[in-house]
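Engineer: Below is a structure I'd like to ask you about.
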Amino acid sequence: MNEVTLTPLSGPIIGQLNVPGDKSISHRAVILGALAEGTTNITNFLTGQDCLRTVEAFRQFGVSIEQEGNSLKINSKGPSHFTEPAEPLYFGNSGTTARLMLGVLAGLPFFTSVYGDASLTKRPMDRVVTPLRKMGVQSDGCSDGSYLPMAIRGGNIKGIDYTLPVKSAQVKSAVLLAGLLAEGVTNVTEETASRNHSENMLQAFGADIITKDHQIRITNLQTLKGTDVYVPGDISSAAFFMTAAAIVPGSKLTLTNVGLNDSRTGIIDVLRKMGAAVDISNKQTTGGEAFGDVTISSQKLKGVVIDGDIIPRLIDEIPIIALAATQAEGETVIRDAAELRLKETDRIEAVTDGLSRLGANIKPTEDGMVINGVSGLSGGSVAAYNDHRIAMMHAIASLITKQNVIIDDISSIAISYPDFFKHLNSITDKG
Ligand code: S3P
């Protein structure tokens, strides 16, 4: 347990921050760098615990991955040179490692067993296992293979046509990665667009992949070629500081090199709709990924409705959006977000419980929450539910509470943002 007591802030948030590399893109860079032949240099890699689980998995297959700060150098001869791991693979808290690696393992002709921490063990894997079994993989795990721990014997799989029953980039990516290693063609159809980093990066590494309307088509094993990858800053990490600047009166903050892929920018759309001033400058693209600088200043906010197709574009930002909504005039309704109950913890429960304890008027619903804003938050003791995004949301809440906020355990923040408090202190009067 790593408890903290955070004291209220007295001044505005002013300055500039360079948030760490994107978690989703970092995972995918390691996976494709390892599947490719040759050398892949990754810069601005996120050295959070989740991404390091993916690195460890490939080291267990015998791939050489050297780390120096937030740069990685991968030297690989491709999947036909991977060796069967002698030990089970440990995925810790990382849903992305688990789901994407199951897709990779489906295509590798050896036996692997995999497990995770208490949270990951409760998260559904049948959404990935179902299509992989259709491709011909042999797997078993708890509850007929629906949960970790799991054992996989991969190889000899065939391409499929698959329509995603859940709005999930992890499931889409697992099927595409398996499709890369499968015989024939794999078509994945998604009704609502989810983050497309896998598609962008597969293309950058030379895979035969085409996206048209809602369908992605990938053809089997072409040799991927090692490629250099710059990982833009994580908009999901930036979201905490964007919101801080939006809700602390008199603030103005610039976040540099933030990933601005359209499939991830729902937070910017929502903050603007609430009335926040958000400016984007220095926009560039690398490996199909847009990034740029985001400047946000505080304004009077108003409540909004958040539902439908925007949900996958901001799914990880809902905890911090809920905090923004407590400072917005009127009602904010979040719906169509039942997936939140299946994240690192049940985030509908964790957010509504925590913000209620701090004095907010917030009620859970089956698939979201309803917040009546602009009650001043009092402060108090909250639980992080062992979830990095819940812990960071409460830390940002402490900037606007009247009294101290005590968070029971902040160790989970190392999952996605090891320097979070260093960055927070650098832009507040606590620094
Ligand atoms: C991710 C996809 C999302 C997101 C997660 C990262 C990814 O999960 O919540 O943090 O990297 O593909 P789902 O695919 O389950 O929606």
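Readers should treat all values here as calculations from the given coordinates under stated rules, not as data from a laboratory. This structure is a prediction, so every number in the text was calculated from the model and none was measured. Methodologically, a virtual Cβ is constructed for each residue, glycine included, from the backbone with ideal geometry; neighbour enumeration extends over all protein chains shown.
Engineer: More than 27 angstrom separation, counting every C-alpha pair in the range 308-431; what % is that?
Structural biologist: 13 percent
Engineer: What is the antiparallel percent of DSSP beta bridges lying wholly in the range 162-269, to the nearest 5?
Structural biologist: The antiparallel proportion sits near 75 percent.
Engineer: To the nearest 0.05, how large is the calculated FRET efficiency for GLN138 and GLN284 if R₀ is 35 Å and r is the Cβ-Cβ distance? Walk me through the intermediate numbers first.
Structural biologist: Values: r = 44 Å, r/R0 = 1.27.
It comes to 0.20.
Engineer: Testing the spin-label approximation: label points 7 Å from Cα along Cα→Cβ at VAL374 and ALA118. State their distance in nm.
Structural biologist: Distance between the two pseudo-spin positions: 4.2 nm.
Engineer: Compute a Gaussian network model of the chain, connecting alpha carbons closer than 10 Å, and tell me which residue from SER297, SER80, SER381 fluctuates the most.
Structural biologist: Between SER297, SER80, SER381, it is SER80 that shows the largest mean-square fluctuation.
Engineer: Another question about this same structure. To the nearest 500 deg cm²/dmol, what mean residue ellipticity at 222 nm is calculated for the chain from DSSP H runs of n ≥ 4 alone, each contributing -39,500 (n - 2.57), summed and divided by the residues? Display every interim value, and only then the final one.
Structural biologist: Details: 14 runs with 135 residues, N = 431.
Rounded to the nearest 500, it is -9000 deg cm²/dmol.
Engineer: Nearest-5 percent of antiparallel DSSP beta bridges in the chain?
Structural biologist: Working: 56 of 77 bridges.
The answer is about 75 percent antiparallel.
Engineer: Further question: By counting other Cβ atoms within 10 Å of each Cβ, how are CYS142, CYS51 ranked from fewest to most?
Structural biologist: Numbers: CYS142 13, CYS51 30.
The order, fewest Cβ neighbours first, is CYS142, CYS51.
Engineer: Three principal axis extents, largest first, for the C-alpha atoms of the range 23-224, in Å?
Structural biologist: 40, 36, 29
Engineer: Which FRET efficiency, nearest 0.05, do ALA86 and THR219 yield, Cβ-Cβ r, R0 25 Å?
Structural biologist: On the way: r = 33 Å, r/R0 = 1.31.
After rounding, the FRET efficiency stands at 0.15.
Engineer: Here is a follow-up. From a point 7 Å beyond the Cα of SER10 in the direction of its Cβ, which residues of the range 295-316 have a backbone N at a distance under 15 Å?
Structural biologist: none
Engineer: Let me know the volume per residue of the alpha-carbon convex hull for the chain, in Å³.
Structural biologist: On the way: hull volume 51.7 nm³, N = 431.
In the chain, the Cα convex hull volume per residue is 120 Å³.
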